[in-house]
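Each remark here refers to the structure printed beneath this line.
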Protein chains: 2
Amino acid sequence: MRSRADNSLAERKRQLVADELRDAALMLLATKGFDAVTVDDIVAAAGMSRRTFFRYFASKEDVVVRFLADTSADIITELAARPPAEPPSVALRHALWVPLAACNDHPEHSERARVVVRLILDTAALHARWLERQIEWRAELAAELANRRRVDPHTDPYPRMAAGMALLALDTVLQRWQPGDDEQHLAELMDQAFAVVAPALDAPAASQAAG
Amino acid sequence: MRSRADNSLAERKRQLVADELRDAALMLLATKGFDAVTVDDIVAAAGMSRRTFFRYFASKEDVVVRFLADTSADIITELAARPPAEPPSVALRHALWVPLAACNDHPEHSERARVVVRLILDTAALHARWLERQIEWRAELAAELANRRRVDPHTDPYPRMAAGMALLALDTVLQRWQPGDDEQHLAELMDQAFAVVAPALDAPAASQAAG
DNA sequence: CACTGGTTGACACTGAGTGTCACCGATAGC
DNA sequence: GCTATCGGTGACACTCAGTGTCAACCAGTG
């Protein structure tokens with residue numbers, strides 16, 4: 001019972017097919033727009049069958065969103081690894097930096113990522129799917145934050161809202177980044193966005209629970 | 001060129017059909033779950049044709065989301081009407097109270113609204129669509145907030161993020177309200193949620209713009 | 001009565017997504 | 001070397017969402 005991603009013999013092939021599909025899809029979608037491209041177009045470009053596409057991706061949206069959203073576990077891990085005494089705003093900033101770091105370090109990935117971000121923000125269906133993914137992140141971040149503050153996430157709105165504010169900051173960064181010019185600005189944009197929510201993230205944990 | 005909702009002769013009929021469709025849809029969806037109900041089921045229950053359904057609602061999701069999300073204009077109007085000197089947290093709290101006021105005043109509507117909220121929060125596709133609608137609200141709220149603070153929404157992340165935080169508060173209220181017991185708690189939940197984001201909403205407008 | 005504007009149902013169509021099955025290639029056991 | 005098996009694949013048929021089209025209908029109006 002091997003659980004994926006272990007032996008290179010067949011798994012390499014799988015990855016190759018997935019990459020081929022993803023590359024073909026992103027190229028077509030980015031140039032023609034989301035609605036103007038059918039799955040048939042994608043598989044034709046990749047030289048595979050329709051059925052195969054859906055074996056690798058749950059939906060047409062999935063190809064695009066997965067490209068940005070596969071790093072959920074890393075974010076939580078990073079947050080859990082931050083020192084407990086660190087202010088939430090700093091810990092969250094570091095955690096959400098994880099998915100952005102790859103773009104920041106590898107400009108060749110960055111360009112493609114920016115195209116995908118633009119595509120997501122411009123396409124209602126994709127934007128919705130992206131937000132859906134963010135909801136999962138928010139729940140996981142909230143659980144970890146509740147753990148940090150030793151509060152009950154069912155009675156205290158803080159964890160959920162703090163997670164939401166952090167993701168709002170990320171969203172704002174992405175929205176301001178995509179038309180941009182220089183990757184180095186990413187860190188600066190994050191700082192600006194987190195500066196706005198920091199007063200709420202780091203407010204003393206008093207009175208607001210009660211209820 | 002009358003723009004809908006003026007003469008009662010034909011418009012009443014339209015509204016009647018829309019209500020019939022909506023009622024049938026909500027009843028089925030709430031009891032059987034979103035994915036288990038097809039549009040055919042809905043129109044069969046309402047005694048109309050499939051095609052008619054799509055003349056009134058853009059999609060199956062639309063029936064549900066529109067039930068909660070048709071009040072965008074009222075929210076903006078309320079925000080614009082708040083005194084300019086009022087802190088953003090207070091003004092936004094009042095603005096977002098508008099759609100909730102109806103539920104609070106009419107318990108018979110409240111019960112149905114709560115069912116719809118539960119349905120939306122439980123269904124990924126609906127939740128995403130709901131957030132998509134919120135994005136529009138956020139943009140409109142942000143524009144109004146930028147107007148209030150006399151800042152440029154393109155360089156200052158505050159307006160967009162403040163709007164996002166307010167909607168996050170609303171989201172949190174809805175999430176904590178639906179399993180609840182008493183409608184009067186709505187106001188209290190709003191107060192709690194806004195207390196969390198208030199420190200950021202009302203922070204002095206300094207340094208964070210720059211860039 | 002004929003005319004007009006708006007609504008409706010029936011039908012056909014595209015496209016997403018799923019289930020099924022036969023096939024193919026590689027590996028394991030004889 | 002032959003065969004059983006197993007994962008992946010393509011072909012096909014199917015459901016369902018959503019759209020375009022058209023003929024029929026039902027006011028109100030000349």
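Identify the residue in segment A:13-29 that is more than 18 Å from A:Ala69 (Cα to Cα) and under 22 Å from the mean Cα position of the chain (by Cα) and, among all such residues, is nearest to DNA strand D (Cβ to nearest atom). Residue satisfying both the conditions and the ranking: A:Glu20. Filter segment B:126-164 down to the residues that are assigned to a helix (DSSP H, G or I) and over 25 Å from B:Arg66 (Cα atoms), then identify the one that is nearest to the other protein chains (Cβ to nearest Cβ). Ranking the qualifying residues of segment B:126-164, first place goes to B:Tyr158. Just name the residue that is farthest from the other protein chains (Cβ to nearest Cβ) out of those in segment B:55-106 that are outside any helix (DSSP H, G or I) and within 16 Å of DNA strand C (Cβ to nearest atom). Looking at the filtered set, the residue picked out is B:Phe57. Scanning segment A:91-117 for residues that are modelled with pLDDT of 90 or more and closer than 19 Å to A:Ala143 by Cβ yields A:Ala91, A:Leu92, A:Arg93, A:His94, A:Ala95, A:Leu96, A:Val98.
If you go through segment B:30-76 and keep only what is among the hydrophobic types (A, V, I, L, M, F, W, C) and away from DNA strand D (no atom under 12 Å from the Cβ), you end up with B:Ala30, B:Ala45, B:Ala46, B:Met48, B:Phe67, B:Leu68, B:Ala69, B:Ala73, B:Ile75, B:Ile76. Among residues of segment B:107-125 being assigned to a helix (DSSP H, G or I) and within 14 Å of chain A (Cβ to nearest Cβ), the one that is surrounded by the most Cβ atoms within 10 Å (Cβ to Cβ) is B:Ile120.
Being surrounded by 11 or more Cβ atoms within 10 Å (Cβ to Cβ), small (Gly, Ala, Ser) and touching a residue at least 60 places away in the same chain (Cβ under 8 Å) is a description that applies to B:Ala95. Among the residues of segment A:24-54, those identified as surrounded by fewer than 14 Cβ atoms within 10 Å (Cβ to Cβ) and away from DNA strand C (no atom under 13 Å from the Cβ) are A:Thr31, A:Gly47.
The values are calculated or read from the model by the stated rules, or taken from the named source; none is laboratory data. From a predicted model like this one, the values you see are computed outputs, not experimental measurements. Cβ: placed from backbone, ideal geometry, glycine included. Neighbour counts: every protein chain shown.
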